[in-house]
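A.B. asks: Pasting a structure below so you can have a look.
Since every read-out is calculated from the coordinates, none of them should be taken as a lab result. From a predicted model like this one, the values you see are computed outputs, not experimental measurements. Using ideal geometry, Cβ is built from the backbone for each residue, glycine included, and neighbour counts are taken over all protein chains shown.
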Amino acid sequence: MNQRNPTISKGVDWSLVWIWFVLCAIGITSIFAASYHDGDNIAQGFIGLKTDYSRQLLFFFLSGIVGTFILLTDSKFFTATANLGYAFGIFLLLLVFPFHTRIKGTESIIRFGSAFQLQPADLCKLFVNLALAKYLSRVETNFARPRAQLIAVAIALAPAVLSKLQDETGLALVYFSFFLVMFREGLPPIVLVVGFSFAVLVVATLLLEPNTLALILTAIAIGAIYILRKPIKRKRSVLFLVVGIWFVCVGIQRFVVPFVFDHVFKPYQVQRIYAAIGKDYIPKSQADEAALESEQKTAGKKKDNNYNVKQSKIAIGSGGFIGKGLLKGTQTRYDFVPEQKTDFIFCTIGEGFGFVGSLVFLGIYMLLLMRIVTIAERQRSVFSRCYAYGVASVLFFHIVINVCMTVGLAPVIGIPLPFVSYGGTSLLTFSVMLFILVRLDADRQMVLR
């Protein structure tokens with residue numbers, strides 16, 4: 001036996017394990033509340049493994065078993081196999097193309113029989129986090145150089161491209177959360193500023209009439225030239241830079257955004273984005289209209305653009321201050337809210353436990369994120385620190401986007417709520433990510449590469 005870590009509990013931060021347990025318990029309870037109908041045999045429902053909450057409970061136990069094995073594993077195993085795991089994750093993503101099953105508008109799922117299915121785009125977040133941490137922790141990696149930064153970006157975004165090709169836009173966007181890890185390790189802040197500015201420009205393009213936005217951008221450019229008039233006199237390149245930025249912004253507004261929305265996004269995805277900003281989407285061609293109607297029929301019913309979010313808001317609002325209580329929510333129990341066990345699980349909590357319960361629930365998430373960041377900053381190893389920030393970034397992205405989806409502040413893009421939403425792959429992936437962090441933290445005095 002390894003004398004350095006004679007027991008499984010040696011150095012383990014049990015606060016993370018307890019938070020994981022509490023969140024999984026909340027998730028199983030919420031799935032049960034959304035699935036239970038009067039007269040159902042609860043014991044048989046859990047034992048028979050034919051209900052969603054019983055299958056989630058099974059994956060909870062499986063996650064616990066896998067987590068125990070992770071805690072018994074040498075931390076050096078994760079650095080040694082990081083690149084191999086990344087290659088395996090890319091292989092799984094490529095395997096989706098010939099063997100996928102189309103489910104709810106996505107082609108990113110591989111089905112094994114009738115009871116088990118795998119979504120590699122979800123699982124690959126783990127492999128990307130390990131591979132990125134491995135690359136950033138290498139002695140020869142000088143992250144101040146653009147070449148190293150481009151390689152890190154390629155590691156993070158290669159799975160995102162494959163995910164988008166599988167019509168899994170939501171999970172593809174998750175991989176952008178790894179930019180926060182790179183920012184912590186020295187990525188220039190201008191990259192985040194440019195990214196945020198691009199997002200604002202896209203939203204403004206959708207909200208404002210094209211000529212109006214062009215005039216606003218021109219006014220901003222003229223104002224910048226006036227403010228920078230003294231530097232411009234000393235150096236003409238400043239003027240060319242301002243004019244160049246104006247030209248790029250107008251080009252994005254006039255050509256890039258319309259092209260992406262007309263030729264890259266699916267009509268139902270564009271509809272959800274428009275619904276999130278409070279605008280009605282009008283298909284520009286008969287083909288788009290036919291595709292939208294086909295997607296609505298696949299979903300089961302033909303509903304208005306914002307039906308899911310409207311029902312979610314009603315459910316959360318009906319919970320009031322202290323909620324209706326467990327199994328007493330009418331909106332969620334009678335299937336008014338679509339996907340209430342997956343994407344919209346938060347409205348089950350909001351209706352059942354109200355504003356107070358929702359606040360406590362989000363507080364648990366906040367405690368988890370703060371604890372992970374604290375753990376990240378006490379690591380001696382760059383690998384462990386980068387991995388910890390990767391876990392925090394992915395969790396933060398999922399939590400914020402999912403909650404914002406349910407209250408209409410973000411488009412519905414199919415982002416699950418960590419440890420709570422129904423889904424075996426999702427629960428297992430998040431659990432493995434967290435338990436690896438616990439294992440690395442237990443050996444935080446080691447320098448891993």
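A.B. asks: Can you tell me how much longer the chain between Trp18 and Phe91 gets when fully stretched, taken as 0.36 nm per residue apart minus their C-alpha distance, in nm with one decimal? Write down the numbers at each step before the final one.
C.D. replies: Numbers: separation 73, 0.36 × 73 = 26.28 nm, distance 3.40 nm.
My answer for the length gained is 22.9 nm.
A.B. asks: Also: Counting other C-beta atoms within 10 Å, which of Tyr389, Tyr53 has the fewest, and how do the rest follow? Don't skip to the answer; put the middle values down first.
C.D. replies: Working: Tyr389 28, Tyr53 22.
If I rank by nearby Cβ atoms, fewest first, I get Tyr53, Tyr389.
A.B. asks: So, one more: Using a simple spin-label model with points 7 Å from Cα along the Cα→Cβ vector, what separation in nm is obtained for Arg111 and Phe355?
C.D. replies: 4.4 nm
A.B. asks: If each residue's Cβ is checked for other Cβ atoms within 10 Å, how do Glu339, Glu351 rank with the fewest at the top? Numbers along the way, then the final one.
C.D. replies: On the way: Glu339 18, Glu351 31.
Fewest-to-most Cβ neighbours within 10 Å comes out as Glu339, Glu351.
A.B. asks: Let me ask something else about it. Give the Kirkwood hydrodynamic radius (Å, one decimal) of the stretch 171-263, defined as one over the mean of 1/r across all pairs of different Cα atoms. Write out the running numbers ahead of the final one.
C.D. replies: Working: mean 1/r = 0.0659 Å⁻¹.
Answer for the stretch 171-263: a Kirkwood hydrodynamic radius of 15.2 Å.
A.B. asks: Starting from the 7 Å offset along Cα-to-Cβ, what nm value, one decimal, do you get for the label separation of Val264 and Phe69?
C.D. replies: 3.9 nm
A.B. asks: A follow-up question, please. What's the extension gain from Met366 to Thr212 if we count 0.36 nm per residue and subtract their Cα-Cα distance?
C.D. replies: Result for the pair: 51.4 nm of gain on full extension.
A.B. asks: Work out from phi, with θ = phi - 60° and the Karplus expression 6.51 cos²θ - 1.76 cosθ + 1.60, the ³J(HN,Hα) of each residue of the stretch 169-177, listed in order in whole Hz, and give x for Gly and Pro.
C.D. replies: Coupling constants for the stretch 169-177: 5, x, 5, 4, 5, 4, 5, 5, 5 Hz.
A.B. asks: A further question follows. Can you give the net charge of the other residues whose Cβ lies under 13 Å from the Cβ of Asp441, counting K and R as +1 and D and E as -1?
C.D. replies: Working: positive: Lys10, Arg371, Arg378, Arg380, Arg385, Arg439, Arg444; negative: Asp13, Glu377, Asp443.
In short, +4.
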